[in-house]
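Scroll down for the structure; my scribbles are underneath it.
The values are calculated or read from the model by the stated rules, or taken from the named source; none is laboratory data. Everything quoted here is computed from the prediction, not taken from an experiment. For neighbour counting, all protein chains shown are included, and Cβ atoms are generated from backbone atoms with ideal geometry for every residue, glycine included. Accessible surface areas use protein heavy atoms only, side chains included; no ligands, DNA or RNA. Shrake-Rupley method; radii C 1.70, N 1.55, O 1.52, S 1.80 Å.
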Amino acid sequence: MADAVPVLECRNLTKSFGAVHALVDVDFTLRKGEVRALLGKNGAGKSTLVNVISGSVQPDSGQLRLRGEDVQWDSPGAARSGGISVVHQEFSLVPGLTVAENITLGRWPTRGLGFIDGDELQARAQRALDTLGEHLAPWEIVGNLPIAQQQMVEIAKAIVDEPDVLILDEPTSALNASEVDVLLALVRRLAATGVAVIYVSHRMKEIPQVADAMTIMRDGREIATLGIDEANPERVAALIAGEVAELKGMTHHDRRNDPVVLSVRNLAVDGVLDDVSFDLHQGEVLGIAGFLGSGRTELLEAIYGLRHDVKGEVAVQGKPVRRRKPRKMLARKLAMTSEDRKRAGIVPTLGTGENVVLTARGRVLPAFWIRPGRERTIQSDTIDKLAIRTSTPAQPIGTLSGGNQQKGVIGRALAADMRVLLLDEPTRGIDIHAKTQIYTLIRELAETGVSSIFVSSELEELALVCDRVIVLRSGKNREELIGTEASAERILALAMKED
Amino acid sequence: MATMDATAKWRVAGNALGSQFQRLRSWDGFGLLVVFIGLYVVLSLKSPLFLTTKNQLSILQSAAFFGIVALAMTLVIIAGEIDISVGSMAALSSSLVGVFVVKHGVPFGLAVVLVIIAAAAVGAFAGAMRAYFGVPTFIVTLALYLGLKGLAQLVTNNFPQTIPAKEFFYWGDGRVGPIPFTDIEIPVPALYFVGMLIIIAVVAKSTVFGRSIYAVGGNSKAANLSGINVRRVKILVMMIAAIAAAVTGLLHTAQLNSGNSTIAVGLEFQAIAAVIVGGAALSGGKGTVWGTVIGVMFIAALLNGMTLLSVNSYAQQVVQGVVVLVAVVVNVWRSRGTALD
């Protein structure tokens with residue numbers, strides 16, 4: 001029999017970030033010893049829900065109840081003391097410290113006067129490791145451990161304070177098959193001791209092995225909570241994808257008989273990409289679909305010459321390009337925009353106009369002297385054409401909204417007269433209005449003969465914008481969907497397929 | 001009507017002047033300019049000698065001895081790098097020119113050219129270590145700081161190499177003039193400083209290379225994806241800094257009339273301090289040549305003024321330290337106000 005009072009109860013949780021509704025009226029209940037899978041696309045609200053429960057985000061409204069009592073976290077530390085631990089997708093370990101020091105990180109026992117109690121520290125860490133059944137030396141330096149063992153340290157760190165609720169965010173994304181089995185068994189064992197687990201994952205195969213039930217989220221809402229035996233893959237996929245909004249005026253073309261502008265043959269990167277081949281045609285928008293870790297970004301990096309461990313061939317306009325690097329690709333009128341706009345896209349301190357002409361210099365603009373007049377023309381033309389909202393071209397691009405920053409990054413390629421664009425998640429983190437503008441822009445460019453590769457984890461936008469979609473799974477291009485075949489449901493089903 | 005026109009004209013002119021002033025006020029270096037002018041007012045009130053032509057020229061001359069390096073250092077710091085080996089580089093170039101001329105009888109002009117080439121090579125080395133091996137320039141130039149200093153002492157055996165050439169003295173420590181109808185004679189080092197200022201200002205403002213420095217320092221990943229040759233930019237700025245250091249070493253040599261391995265102690269500190277006071281961010285991507293010019297003049301005037309007021313020379317160092325610290329705090333505080341984070 002389940003306990004009468006749930007361990008965790010969320011009522012009407014609502015959270016908005018600006019115009020984006022990340023959580024809308026979400027109810028979520030978790031019982032002792034239960035493993036609940038949490039599913040949804042990127043941006044469905046999974047992370048926000050997890051963040052609210054674990055105290056790193058404050059909800060706008062709604063209640064959070066732990067063991068029947070109302071709680072309010074003002075920091076992740078408070079949630080942790082209250083009995084909620086999170087294992088984040090990215091490791092939060094200090095590589096230079098030992099296993100024991102990492103497990104007890106931030107709450108090291110002292111003997112007073114700030115001297116660390118080494119024996120107590122070791123003992124606590126050992127207890128956590130024993131609970132996991134892990135035979136790891138507590139004095140080992142974490143940085144020297146393989147990834148799977150680091151993941152175990154991460155989990156040990158989360159359970160060292162014996163939480164009531166343990167949240168695992170994509171815990172298997174860095175693990176191989178046998179390591180995944182170990183981890184799933186471990187989660188079951190923890191649940192048997194009474195810990196309630198929230199298990200965030202997109203790997204459909206593991207969920208029946210580990211979860212008792214699943215909650216599916218879409219557009220910030222809780223769509224359905226199903227017992228594991230009621231959930232068949234088709235139903236789940238349909239619930240995750242939802243209905244697809246139609247965007248007016250988007251006409252797709254089959255460009256497969258047009259000239260090939262970029263041809264990729266047998267591209268491989270050890271452990272990431274495995275024998276990827278395709279052609280991109282003039283005026284075509286080619287979507288690349290696949291989950292995190294499927295090799296999407298690595299594929300673009302391999303084409304653009306940002307990796308040195310690439311095998312296989314890339315040809316632009318029929319001419320093979322060896323020893324690729326960005327400058328060489330730009331000389332062949334091919335440009336890439338990074339998914340990480342802040343870190344690799346914009347130069348935040350420089351003006352918007354200045355950002356726009358960075359690539360143009362030395363290409364359509366002279367290579368040595370600055371020609372202020374011509375630069376001004378190109379800057380304001382591009383800013384007008386892409387409707388970038390900035391007070392003056394001199395306004396630092398770092399002060400603009402994400403959507404306008406992204407337009408600036410694309411504008412940089414256009415100002416330099418690029419013919420092939422590799423766009424990695426061009427709509428990440430921007431609002432719906434700006435997204436629509438970017439879609440329209442890509443389609444308009446296609447009409448003028450500019451070809452794009454459009455990488456996105458939002459399947460609807462791939463279906464909306466692309467003439468053709470390639471699905472990547474574990475580093476291989478598996479399927480190709482043409483035109484209207486490429487519906488969000490089809491793409492999702494293929495991306496989730498287990499080989 | 002005529003009067004109306006005149007008033008309207010004045011109003012237009014007034015507005016134009018007003019908007020010019022608005023632009024000046026919104027300039028990053030405006031606060032610094034105000035502080036600089038304040039310093040001038042205070043010092044000229046305290047000491048009657050301060051505002052004399054002779055004293056101002058002497059400030060300009062002493063400014064040249066670290067200002068040339070500070071200008072080059074501005075580019076290095078905007079690129080997100082640092083060069084702490086400039087003092088040792090200056091000492092080495094002084095030593096080398098002395099040894100070439102005195103011990104090996106190399107013609108003076110050729111010796112200067114050789115020294116500049118050597119400096120460029122050292123700078124290229126430091127830049128290449130950064131660009132190709134990822135060694136932080138702080139570490140590379142820390143090694144060079146020790147290594148070049150040692151090399152300078154090694155080649156000279158730590159003895160001054162007295163150079164007999166008279167004209168050399170003129171090129172380094174002479175005066176040009178007098179300027180017609182006055183008795184003002186401009187010190188030659190000040191001319192080098194102004195020359196360097198023009199070159200660096202033009203490079204920073206009007207060349208693709210100069211603009212690329214800002215992009216590389218502001219976000220080197222984005223710069224690389226945009227097709228900017230990040231490695232070349234880094235190597236070139238380190239070369240420019242090393243050459244500026246060598247020129248400064250040659251100026252010292254001329255002033256002392258000998259190649260000397262003990263000169264230019266603390267040059268790196270004064271140069272970096274001037275750049276920081278001038279508003280550049282050590283994290284890169286931000287800074288102006290004009291800010292540095294004011295920074296250089298500020299420090300030179302401050303030191304000159306304190307000497308005129310016979311402030312203890314150790315106390316002067318304390319004041320310099322405080323000035324740099326305050327400048328950094330002001331910079332950090334000001335950049336927090338922007339939405340960039």
Could you count how many residues in region A:89-146 are part of a helix (DSSP H, G or I) and of a type in the set (A, V, I, L, M)? 10
Out of A:430, A:438, A:383, which single residue is open to solvent by less than 40 Å² (accessible area, probe 1.4 Å) and in a loop (DSSP other than H, G, I, E, B)? A:430
For region A:300-359, how many residues are in a helix (DSSP H, G or I), of a type in the set (A, V, I, L, M, F, W, C) and either open to solvent by less than 10 Å² (accessible area, probe 1.4 Å) or farther than 12 Å from residue B:227 by Cα (or both)? 7
Any chance residue A:283 is away from chain B (no Cβ under 14 Å), open to solvent by less than 40 Å² (accessible area, probe 1.4 Å) and in a loop (DSSP other than H, G, I, E, B): yes
Quick one: what pairs do we get from region A:357-381, first residue free of Cβ contacts under 8 Å to residues at least 24 places away in the same chain, second in a helix (DSSP H, G or I) and crowded, with 18+ Cβ neighbours inside 10 Å, C-beta under 7 Å, 6+ apart or different chains? A:361/B:208; A:362/B:208; A:365/A:375; A:367/B:208; A:368/B:208; A:370/B:208; A:370/B:211
Restrict the check to region B:213-234 and report whether at least one residue is closer than 22 Å to residue B:69 by Cβ, hydroxyl-bearing (Ser, Thr, Tyr) and surrounded by fewer than 17 Cβ atoms within 10 Å (Cβ to Cβ). no
Would you say residue B:202 is within 12 Å of chain A (Cβ to nearest Cβ), part of a helix (DSSP H, G or I), within 24 Å of the chain's Cα centre (by Cα) and without any contact (Cβ under 8 Å) to a residue 12 or more places away in the chain? yes
Unmet requirement for residue A:407, which otherwise passes all of (1) assigned to a strand (DSSP E or B); (2) more than 9 Å from chain B (Cβ to nearest Cβ); (3) surrounded by 22 or more Cβ atoms within 10 Å (Cβ to Cβ): (1)
Conditions first: (1) in a helix (DSSP H, G or I); (2) open to solvent by 10 Å² or more (accessible area, probe 1.4 Å); (3) in contact (Cβ under 8 Å) with a residue 60 or more places away in the chain. Residue A:158 passes all but one, so which condition is the exception? (2)
Region A:250-272, residues that are at pLDDT below 90 and open to solvent by less than 50 Å² (accessible area, probe 1.4 Å): A:250, A:272
Scan region A:20-27 and give yes if some residue there is among the small types (Gly, Ala, Ser), open to solvent by less than 60 Å² (accessible area, probe 1.4 Å) and at pLDDT below 90, otherwise no. yes
Only unsatisfied item for residue A:88, checking (1) at pLDDT 85 or above; (2) surrounded by 16 or more Cβ atoms within 10 Å (Cβ to Cβ), is (1)
Name the residues in region B:216-254 that are out of contact with any Gly (no Cβ under 6 Å at 6 or more places or on another chain), closer than 14 Å to residue A:348 by Cα and in contact (Cβ under 8 Å) with a residue 24 or more places away in the chain, would you? B:216, B:219, B:220
Pick from region A:359-381, criterion under 19 Å from residue A:422 (Cα atoms) and in contact with a Leu (Cβ under 8 Å, 6 or more places away or on another chain), ranking: farthest from the other protein chains (Cβ to nearest Cβ): A:363
Tally up the residues in region A:306-323 that are within 13 Å of another protein chain (Cβ to nearest Cβ) and either within 17 Å of residue A:477 (Cβ to Cβ) or at pLDDT 95 or above (or both), please. 0
Tell me whether region A:34-55 contains one or more residues that are over 18 Å from the mean Cα position of the chain (by Cα), closer than 15 Å to residue A:164 by Cβ and open to solvent by 80 Å² or more (accessible area, probe 1.4 Å). no
Within region B:95-103, can one find any residue that is within 30 Å of residue B:211 (Cβ to Cβ), touching a helix residue (DSSP H, G or I) at 6+ places or on another chain (Cβ under 9 Å) and either buried (at least 16 other Cβ atoms within 10 Å of the Cβ) or at pLDDT 95 or above (or both)? no
On the given criteria, is residue A:413 open to solvent by less than 20 Å² (accessible area, probe 1.4 Å) and within 14 Å of chain B (Cβ to nearest Cβ)? yes
Out of the residues in region A:135-155 that are open to solvent by 70 Å² or more (accessible area, probe 1.4 Å) and either in contact with a strand residue (DSSP E or B) (Cβ under 9 Å, 6 or more places away or on another chain) or among the charged types (D, E, K, R) (or both), state the one that is farthest from residue A:179 (Cα to Cα). A:139
Name the residues in region A:452-499 that are under 18 Å from the mean Cα position of the chain (by Cα), open to solvent by 10 Å² or more (accessible area, probe 1.4 Å) and over 18 Å from residue A:203 (Cα atoms), would you? A:460
Exactly one of A:211, A:196, A:224 is in contact with an Asp or Glu (Cβ under 8 Å, 6 or more places away or on another chain) and either touching a residue at least 12 places away in the same chain (Cβ under 8 Å) or open to solvent by less than 30 Å² (accessible area, probe 1.4 Å) (or both), and that one is A:196
With respect to residue A:191, is the statement that it is open to solvent by less than 10 Å² (accessible area, probe 1.4 Å) and farther than 21 Å from residue A:77 by Cα true? yes
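This table checks each residue for (1) within 15 Å of the chain's Cα centre (by Cα); (2) within 12 Å of another protein chain (Cβ to nearest Cβ); (3) not hydroxyl-bearing (Ser, Thr, Tyr).
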| position | (1), (2), (3) |
| --- | --- |
| B:207 | no, yes, no |
| B:210 | no, yes, yes |
| B:241 | yes, no, yes |
| B:281 | no, yes, yes |
| B:299 | yes, no, yes |
| B:309 | no, no, yes |
Subset tally (residues that are away from chain B (no Cβ under 14 Å) and among the hydroxyl-bearing types (Ser, Thr, Tyr)) for region A:286-305: 1
Give all pairs with beta carbons closer than 8 Å in which a residue from region A:326-350 that is more than 7 Å from every other protein chain (Cβ to nearest Cβ) meets a residue that is of a type in the set (Phe, Trp, Tyr); count only pairs at least 6 apart in sequence or on separate chains. A:329/A:304; A:334/A:304
In region B:236-259, the residues that are surrounded by 24 or more Cβ atoms within 10 Å (Cβ to Cβ) and in contact with a strand residue (DSSP E or B) (Cβ under 8 Å, 6 or more places away or on another chain): B:253, B:259
Boolean, residue A:5 is at pLDDT 90 or above, of a type in the set (A, V, I, L, M) and touching a Lys or Arg at 6+ places or on another chain (Cβ under 9 Å): no
